[in-house]
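The values are calculated or read from the model by the stated rules, or taken from the named source; none is laboratory data. Because the structure is predicted, anything quoted here is derived from the model rather than measured. Cβ placement follows ideal geometry from the backbone for every residue including glycine, while neighbour counts extend to all protein chains displayed.
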Amino acid sequence: MSTPIRVLVCDDQALIRTGLVTIIDAQPDMEVAGECGDGRAAVELVEKVRPDVVVMDVRMPVLDGIGATRLLAGSGVPHPVKVLVVTTFNLDEYVYEALRAGASGFLLKDAPPSQLLQGIRTVAAGAALLDPEVTRQLVGRYAARIRPTEGTAAQDIPLTPRELEVLRLIADGLSNNEIAAALVISRETVKTFVSRILTKLDLRDRVQAVVYAYRRGLVT
């Protein structure tokens, strides 16, 4: 039997936190590594229990979920933790700030339990939770904020022309299957390209790849 996914639950509302803990603990492939009620406690608890995924609320006392995510998964963190932000607030700026802080995914609390559990599994597996179309719409809306400096010339980016082409298609919101169809290559070849792009650019997932493409002016 495979090792269960260890999950830390962080929410300042005890009732919601208890509900999340109950749902997660009931899964044969998951276990609750800990729970807490504010972002600062989450940062401290992560050091002790080293979970695979942190389920993080946004609005909390002491330190909010965005700030905690930045400390746990942001740029320059030596041992980043995968963070799944779960909130009642369906505001674009929360989604944007959460992803920019380093979150691997974003869900609303009114999502069905099955979606939450699949989200935890998706993030634990190293994938971004937002589907490509949602990612494209979200990042496209905030392109000006994501790209604070002038774009970098494509020749200065350490990718082959084909890899740059794939990166642009990722940023345009295409799935692996759609990229395969557009370039007339196999899905497995696309997966290889995506893996190389993430490795060469030191990116964690497709969300970061989209942000990178906008920051470098590869897409508008």
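Before moving on, here are some points about what is shown:
- Helices (runs of 4 or more DSSP H) wholly inside region 1-86 containing at least 1 residues that are in contact (Cβ under 8 Å) with a residue 24 or more places away in the chain, within 23 Å of ARG204 (Cβ to Cβ) and among the hydroxyl-bearing types (Ser, Thr, Tyr): 65-73
- LEU63 over 15 Å from VAL43 (Cα atoms) and either modelled with pLDDT of 80 or more or not assigned by TED's automatic domain parsing to the domain that holds VAL21 (or both): no
- Residues of region 23-67 classified as more than 19 Å from ALA101 (Cβ to Cβ) and β-branched (Val, Ile, Thr), total: 4
- Residue satisfying condition, being surrounded by 20 or more Cβ atoms within 10 Å (Cβ to Cβ), modelled with pLDDT under 90 and either of a type in the set (S, T, N, Q) or out of contact with any Gly (no Cβ under 8 Å at 6 or more places or on another chain) (or both), within set VAL43, VAL95: VAL95
- Of the residues examined, ASP110 is one that is surrounded by fewer than 14 Cβ atoms within 10 Å (Cβ to Cβ) and either not acidic (Asp, Glu) or not assigned by TED's automatic domain parsing to the domain that holds VAL211 (or both).
- Matching entry among VAL184, VAL219 (being modelled with pLDDT of 90 or more and of a type in the set (A, V, I, L, M, F, W, C)): VAL184
- Of all residues in region 87-113, exactly one satisfies the criterion of being within 16 Å of VAL207 (Cα to Cα) and among the basic types (Lys, Arg), namely ARG100.
- Residue match in region 27-34 (condition: among the charged types (D, E, K, R) and surrounded by 15 or more Cβ atoms within 10 Å (Cβ to Cβ)): yes
- With respect to the conditions (1) part of a helix (DSSP H, G or I); (2) surrounded by 16 or more Cβ atoms within 10 Å (Cβ to Cβ), ALA182 falls short on a single one, namely (2).
- Cβ pairs under 8 Å, 6+ apart, first in region 200-217 and farther than 13 Å from PRO80 by Cβ and part of a loop (DSSP other than H, G, I, E, B), second at pLDDT below 80 and basic (Lys, Arg): ARG216/ARG147; GLY217/ARG147
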